[in-house]
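Derivation of every value follows stated rules applied to the coordinates shown; laboratory data play no part. Nothing here was measured: the structure is a model prediction, and the numbers come from that model. Glycine also receives a Cβ, built like all others from the backbone with ideal geometry; neighbour counts cover every protein chain displayed.
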């Protein structure tokens, strides 16, 4: 901890702690009300047109009456952790020092629970501020196994969600994510390796792998977040607890012949146990 009253100069204290002096003196600037409104609008446009990049999102904002440049749109999109969903050379911003893993799902038929799990992060707007949501999903059933909220994009909340899912439902054979820094961090990958879970990461041309969880985000926001306009993370947490229970246990899924995700998840599990 830097102590301005110490006899040792701040410059020397920063050098000893390997800290930047500019970072020590920096005072965070609160997000303006206009940026908050723009981020909310960008989120809605991205959900409606996930293939739109910063240029087309800027055009949509112009059509809505917002005088905004493309650079500002890009800056806000980076802060929100979103990008266009289409085939491109790099799907997500990875940490240069983190180990990347191969993609294991090419030609893979996923037909049972705990065969493949996946995770993703989305931006959640609130009446005053915003936060981030991570969810762990079972691919075969689309059941949400666990989730966490965070006010930063630090990877700890992703690891917490993963550990909860494993504690509740056991381990999948394969865990698939993009190459985002939260999922390539050692804490996250070590949890997978220590449980003998094969690690799969999307690479070039694998943009379709996010479609299932992108549909989940669309449902979460249109059916809960946008309707409720939560004012705090406490309210978001309470609201999402109710929503995910509804999504897993009550919301019929057309792809599963009007079964809920929980019916499919526990149904395939029961069938395998009976066959054994």
(request) With just the Cα atoms of the stretch 31-86, tell me how far they stretch along each of the three principal axes, in Å, largest first. (result) 30, 23, 18
(request) Residues in the stretch 127-153, backbone N under 20 Å from the label point at residue 168 (7 Å along the Cα-to-beta-carbon vector): list them, ranges by number please. (result) 132-151
(message) 7 Å from Cα along Cα→Cβ at both residue 70 and residue 194: what's the point-to-point distance in nm?
(response) 4.6
(request) Neighbouring Cβ atoms within 10 Å as the yardstick, rank 191, 177 fewest first. (result) 191, 177
(message) Could you tell me the extents of the stretch 116-275's C-alpha atoms along the three principal axes, largest first, rounded to whole Å?
(response) 51, 38, 32
